[in-house]
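Structure first, then comments.
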Amino acid sequence: MYSLDGYGKMIADRVRVEAYAEALRRTIRPGAAVVDIGTGTGIFAVLACRLGARRVYAIESDAIIQVAREVARTNECADKIEFIENVSTKVTLPEKADVIVSDLRGVLPIFNGHISTIADARRRFLAPQGVLIPRRDTMHAAVVEVPEVYSRIVAPWEQNMLGQDLSPARRRAVNDPTKMCATPGQLLTKPQILASLDYMAVENPDFRAELSGPAEREGTGHGIVVWFDAELADGIGFSNAPGAPEVIYGSMLFPWANPVPLRAGQIVCVKLEAKRMEKDYLWRWSSQIEPVNGAGAAIRFEQSEFGGAVFSPPKLYQTASNWVPRLSEEGLIRFRTLELMDGAATLQEISARLALEFPQHFAGGREALAYARTVSQEFGK
């Protein structure tokens, strides 16, 4: 979920917006049916109308869809756009689409439900001979020398003003990938292709890739930087590669546990893996830096976002398969609220029951009503 300022920054990204706009110009034909997944403020839905689309299905689960509705009315396109406030995987459309447009990536295409959403939309929404925008994303990686970025990650834990040993926090910090922008001069190895995601075929949301190669020059390796090249339509795309015009995505640094001095020709091997969890991905990266001229032992790092997470042991115990759970007071209140949402009672009536049954939790009807409204927004229809 983005703030309005976040949506504004995406619109202000001329490289991204102009590339998408040109892809739509080359793709949409008069009378076309278009699906815009994650429509946001609706700018691509409005553009599709202006390019001759007969009908646009603008799908957005965030409240920003209200702004999109107003934008459509202001631009005299509201009669051609059907706004659907939901996630696309829960939507059924009355017709197949000639064009599906979306930008559901984060810093990388391996992000939240992006791949699963595109695969579902392709199967259920796209007409035969229909077009997907984007068409393909190609991911690249290289070893990178970025002392300033690395310092921002570790310096608070290595140089704290109270002189305390904060190494437990540092160990976690270097297991957390971070957004950054790199330059070509910071790369220590030649870029290698990790994967090419063909959205007309991709199904598996999980990701696994390897890269191996020599350092091109002497320097200090701080981790692996990953970026992608987007192909939207024939000859149309953009990139967040080092040296490319800056786009909102940035690129992703997978930091090493410690900086490693490298000599030209020294071999670096890295395995990257992303496993789709319930809502997002869990990244793991394994690195092996071979010794110079075979003298000495290789340097090895095994890192993952799991290693960067902060867990409470009592909470962790509650995820064990043999744990016997009981509802907490908050769980009981949530359960009762959902039970009262039977399609017959108003929120006012529901909140009155909650205040009566849980007086120790709600100071009065106003607090109970605010609680009921929150649950209604999340689970009601």
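Since every read-out is calculated from the coordinates, none of them should be taken as a lab result. This one's a predicted model, so the numbers in the text were calculated from it and none came from an experiment. Glycine also receives a Cβ, built like all others from the backbone with ideal geometry; neighbour counts cover every protein chain displayed.
Count of lysine pairs in the chain with Cα atoms under 20 Å apart, counting only pairs 8 or more residues apart in sequence or on different chains?
Total qualifying Lys-Lys pairs in the chain comes to 9.
So what is the calculated 222 nm ellipticity per residue for the chain, using -39500 (n - 2.57) for each DSSP H run with n of 4 or more, over all residues, to the nearest 500 deg cm²/dmol?
-9000 deg cm²/dmol
For residue 12 and residue 234, what does the FRET efficiency come to when R0 = 25 Å and r is the distance between their Cβ atoms, rounded to the nearest 0.05?
Efficiency at R0 = 25 Å is approximately 0.40.
Would you mind getting me the FRET efficiency between residue 201 and residue 160? Use the beta-carbon distance for r and R0 = 45 Å, nearest 0.05.
Working: r = 50 Å, r/R0 = 1.11.
In this case the efficiency is close to 0.35.
How do 103, 137 rank when sorted from fewest to most other Cβ atoms within 10 Å of their own Cβ?
On the way: 103 20, 137 24.
Sorted ascending by nearby Cβ count, the order is 103, 137.
Please say if the range 206-333 is rounded, prolate or oblate, where rounded means a/c under 1.5 for a ≥ b ≥ c the square roots of the C-alpha gyration tensor eigenvalues, and otherwise the choice is prolate for a/b larger than b/c and oblate otherwise?
Oblate, because a/c is 1.5 or more while a/b does not exceed b/c.
Once you charge only the Cβ atoms, +1 for Lys and Arg and -1 for Asp and Glu, what is the size of the charge dipole of the range 1-40 about its Cα centre, to the nearest 20 debye?
I would put it at about 180 debye.
In the range 329-345, whose amide N lies under 18 Å from the spot 7 Å out along Cα-to-Cβ of residue 367? List them in ranges.
329-337
Sorted by packing (mean other beta-carbon atoms within 10 Å per residue), highest first, where do 360-366, 154-160, 71-77 land?
Ranked from most to least packed, the peptides come out as 71-77, 154-160, 360-366.
Could you check the spin-label model distance between residue 381 and residue 328? Points 7 Å from the Cα along Cα→Cβ, value in nm.
Those two pseudo-labels are separated by 2.9 nm.
Taking C-beta distances below 4.7 angstrom as the pairing criterion, name the unpartnered cysteines of the chain, in sequence order.
181, 269
With the chain treated as a Gaussian network of Cα nodes joined by springs under 10 Å, which of 248, 133, 299 yields the largest mean-square fluctuation?
299
Would you list 49, 269, 181 from fewest to most Cβ contacts within 10 Å?
Ordered by Cβ neighbours within 10 Å, fewest first: 269, 181, 49.
Modelled label-to-label distance, residue 95 and residue 50, 7 Å Cα→beta-carbon offset: nm?
2.3
May I ask which residue of 48, 86, 74 lies farthest towards the positive end of the charge dipole of the range 4-103, with charges of +1 (Lys, Arg) and -1 (Asp, Glu) on Cβ and the Cα centre as origin?
Ranked along the dipole, the leading option is 48.
Can you tell me which of 118, 110, 43 moves the most in a GNM of the chain? Springs connect C-alpha atoms under 10 Å apart.
Largest GNM mean-square fluctuation: 43.
Contact order normalised by length for the range 125-271, with contacts defined as Cα pairs under 8 Å and 6 or more residues apart; what percent is it?
Relative contact order of the range 125-271: 35 percent.
For a quick check, take a GNM of the chain with Cα springs below 10 Å and name the residue from 309, 368, 142 with the largest mean-square fluctuation.
Highest fluctuation of the listed residues: 368.
If you place +1 on the Cβ of every Lys and Arg, -1 on the Cβ of every Asp and Glu, and leave all else neutral, what size is the dipole of the chain about its Cα centre, to the nearest 20 Debye?
360
Sort 138, 27 so the one with the fewest other Cβ atoms within 10 Å of its own Cβ comes first.
Ranking 138, 27 by Cβ neighbours within 10 Å, fewest first, gives 138, 27.
Full-extension gain between residue 87 and residue 358, please, as 0.36 nm times their residue separation minus the C-alpha to C-alpha distance.
94.2 nm
Report which label in [x] 77, 61, 39; [y] 64, 45, 40; [z] 75, 50, 44 holds the value of Cα extents along the principal axes in Å derived from the coordinates of this structure.
[x]
How long is the gain from residue 148 to residue 320 if the chain were fully straight, where each residue apart is worth 0.36 nm and the alpha carbon distance is subtracted? If you can, show how the numbers build up before the last one.
On the way: separation 172, 0.36 × 172 = 61.92 nm, distance 4.05 nm.
Contour length minus Cα-Cα distance gives 57.9 nm.
Nearest 0.05, what FRET efficiency do residue 67 and residue 267 give at R0 = 45 Å with Cβ-Cβ as r?
It comes out at approximately 0.30.
Taking 8 Å as the Cα distance limit and 6 or more residues as the minimum spacing, I'd like the relative contact order of the range 197-311 as a percentage. Walk me through the intermediate numbers first.
Working: 192 pairs, mean separation 30.3, N = 115.
This gives 26 percent for the range 197-311.
Find the relative contact order for the chain and round it to a whole percent, using C-alpha pairs within less than 8 Å whose residues are 6+ positions apart.
Contact order relative to length: 14 percent.
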